[in-house]
Structures are given as structure tokens and as C-alpha cells.
Amino acid sequence: MSALVSIIIPCYNQARFLSDALDSALAQEYDALEIIVVNDGSTDDFETRSAPYQNDARVKIINQENRGLPAARNRGIRESRGEYLKFLDADDWLVPTAIAKQVAAFHANPTLGLVYCDLVRVNARGEQIDDYAVANARRILNGNILPSLIVGGYFTPHTVLVRRTILEQVGLFNEALNSEDTELWMRIMCEGYAAYFVPEKLAYYRLHGANSSLDPLVMRAAQQRVLDLITTRYPHRVAAALDELIAEQRRVDRDSAWAHETIAAQQMQIDSLQRALDTRGVRLVRALEKFFTTK
């Protein structure tokens, strides 16, 4: 018997896109599914647009007062029964083979903490807007990906499949954060679990005016807070990750396009981590700063 997968869909005033998410969940080429939609106090036409799905035994709709995206995801987790959890935002969607391929990766390596995949970025109309690839935005794709999470290369929650037992150990989404997904992936890495990247575009990520991730100031502040929290909780894990970044950078041609394009972004993370780590007597970050400034 296949392991049950719970697809959790939080929705706040995104009803116009909801059918794309739900249809993609229901079209998965994987039979053991439950789909939990958490209506987080929407004021749009959620009831009308969700009505066609309410008689499907695979779909459970939960209504709650508006508490924010991480709280809605956590509500979905608590209401779910799956061995594996997939977090699909209401404005995104999956390709039909997404769940099956990610579950297969877990079966091949049961000790993994999370499995994630590549994605296609689209506009509000669902049209592809660029050739973005997760693999091109990250230097470390498999194993302990904490170094890549520190310096960037964002991947969206719906690219991830995670085992329920992992969240029972490390905790759920931090409801006080805006970048709660990145913080959770960092926590999983810091607790010693590994990640596996499926190099296929199994998810569609819709960029539109309501995406908070489009606001660089919001994202920068959120990222700063996440780094502060993780550094406080796992200072030695962060120091080890920076050590790995130094080693990785030394393997990269100093004149390569990648190095020039990413040095500014990495320097911002170094500045942030230096303040936090220096207060704990961890000096590795200074070596990292010296390395980058000599490029």
C-alpha cells in the first residue's frame, strides 16, 4: 500500500487561482492522497469557487479566521494524516508526476529530511516568464544544503515534500515569521537531515501583484530575521556552513560569471552573520569576508 500524502493548500483571497491548484492536486499520478484546503478568512468568492470540490472525498475544506500563511499551513498539518506533507499555495500548481517522483526519492533514501524539485516561474495568466532554474541559483543541491540556504537560491514551499516525523521532531512553521518556509528548511538541515534535489520542473510558481516575495525590502527584512534566529539557535552549524561556503568558493573560478553575480548577495549575508556569530566567539565569518573581498 502506498504511503498517504497530504497536500495542504492555504488560501487567503486567492480564490481566482484555486482551481488550478486543486485540479493539479487531484490530477496527481499517485493514488494515496488527501487534500486539505485551509481558507484563512478569505473575503473574496472562496465559497463559490471551492464549491465544486466539496463533494470529492479526497478534499477537506477548513475555514478559520485570518491568522496568516504559516498558521494556515500549521492548521493543515494538524488536520492531516499523511506520512508525507506537500505545501501547495493556492496560486501555484504541480505537474501530474510531482508527488510520485518525490515519494520515490524518499523510498530510495528513507533518511532524507526533505525532497525538493525544480520549478517554472509564470505570470498571473500562467505564462512562463523566464528560464529560472533552481539548479542554476544554488551551488549545493543535495545533502546538507544549509550553505545554499544562507546565501540564497530560494525554492518555493510547493517544490518540497517532507516527512511528517521530521516536523514532529523539529517543529512546525514559525508563525511569527514571513520567511517561515526557509527557516523551517534551515532547521531541518541544522538537525542533521539531508536534502535531495529532483532535477525536474515539477512545479509552477505564479508571480503576480499579491506575492509578498516580490517586495525586496520585505524579503530582505524577513531573511535577516531568519538568519538571526538560526544563528542564535545553531551557531556552530552556521559556522560549519560558512566553512563549506569558503571551500566551495575556492573551487570556483574567481573570474566566473557566477562569482561576480552572487558576490554582492553573499556579502549581505556575511555582514548579517558576522554580527551574530562574533558575539558568540565564532570568528570563521571574518575569514569568509576576507576571502570574498580579495576576489
- Amide H neighbours of Ala203 under 5 Å, counting only residues 5+ apart in sequence or on other chains, H built in-plane at 1.01 Å? Val95, Val120
- Which ordering of Val37, Val198 is given by a fewest-first count of other beta-carbon atoms within 10 Å? Val198, Val37
- For the stretch 90-100, in residue order, the Karplus 3J(HN,Hα) values (coefficients 6.51, -1.76, 1.60; θ = phi - 60°; whole Hz; Gly and Pro = x) are 5, 9, 10, 7, 10, 7, x, 9, 4, 4, 4
- Query: With the dipole of the stretch 84-161 worked out from charges on the C-beta (+1 for Lys and Arg, -1 for Asp and Glu) around the Cα centre, which of Leu114, Gly143, Ala124 lies farthest toward the positive end?
  - Reply: Gly143
- In Hz, Karplus ³J(HN,Hα) per residue of the stretch 134-147 (6.51, -1.76, 1.60; θ = phi - 60°; x = Gly, Pro): 4, 4, 7, 9, 10, 8, 10, 9, 10, x, 7, 9, 4, x
- Item | Qualifying aspartates and glutamates (Cα of each under 19 Å from Cα of Lys201; at least 8 residues distant if same chain) | Asp20, Asp23, Glu29, Asp89, Asp91, Asp92, Asp118, Glu127, Asp130, Asp131
- Query: Which far-off residues, 5 or more places away or on another chain, put their amide H under 5 Å from the one on Tyr132, with H placed in the peptide plane?
  - Reply: Arg121
- Cut-off under 5 Å, modelled amide H: who pairs with Leu33 long-range: Val5
- Query: Put a dot 7 Å past each Cα toward the Cβ at Arg250 and Glu79; how far apart are the dots in nm?
  - Reply: 5.2
- Per the charge dipole of the stretch 147-211 (beta-carbon charges, Lys/Arg positive, Asp/Glu negative, Cα centre), the residue among Ala176, Ala203, Ile166 reaching farthest to the positive end is Ala203
- Query: For the peptides 75-81, 154-160, what is the packing order when you average, over each peptide's residues, the other Cβ atoms within 10 Å and list the highest mean first?
  - Reply: 154-160, 75-81
- Query: Which of the peptides 218-231, 124-137, 58-71 is most tightly packed, and how do the rest follow, going by the mean number of other Cβ atoms within 10 Å of each residue?
  - Reply: 218-231, 58-71, 124-137
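Only the coordinates and a few stated rules stand behind these numbers; no lab work does. Computed from a prediction, not measured in an experiment: that's the story for all the values here. Quick reminder, even Gly has a Cβ in these numbers, built from the backbone with ideal geometry, and neighbours come from all protein chains shown.
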